[in-house]
Amino acid sequence: MKIKAASAGGLVFALFVITPFSLCQASDPVIVTSVIDGETLQLSNDEKVRLIGIDVPASSKNVKLRDDIKNTGKDAATLIAAGKNAAKFLRKLLKNEKVVLEYDAGEKDKSGRRWAYIYFYLDPKLNMEIPEAWYAELSPETEERQLRVFLNATMIRSGYALMKIIPPNVKFQDLFSKLQDEAKEQKRGMWE
């Protein structure tokens, strides 16, 4: 996986968060076999998983698009493009990559899809920089000190997704709210 560095004025940014993302036990790594849409992944264990706490705009004209327009104040073309860009971002980033799932209070939605916070790891030995909008930290649980990227938070912070909290899955509500405000202020993704 190649990752381009984000830069501004010749400076390269890498974000390392000081506080740990979570103290919950995570799943064993599983491989993403396909990206269904900007918030749903198909995994190698034959499960579909939906990212908790995010809502990606509709990528076609449908009933959801009307709600997205109402909730964001953005026009249909902008939102459809944002929905397509979110799926494209995930496909490029995660296809055939290992991820770790972390669950909140509710593990499945009404359709039987798992709800999870998704993390993936980057090897710091590759000496790569990550885009400024990614939400990452040096992983506290591995001796090799891998860089752990919190995908749900990255989707919101990058402007690919809106925050959508559905109780009982509220663990990162405050963080996601803060990151969405930041995405709007920085005019990232759909907020341009």
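Cα atoms only, the stretch 57-192: Rg and Dmax in Å?
My reading of the Cα-based Rg and Dmax gives 15.7, 48 Å.
Can you list residues from other chains, or at least 5 along the same chain, whose modelled amide H is less than 5 Å from the amide H of TYR135?
PHE150, THR154
Throughout, read-outs are computed from the coordinates displayed, never taken from laboratory work. These numbers were taken from a predicted model, which means no experiment stands behind them.
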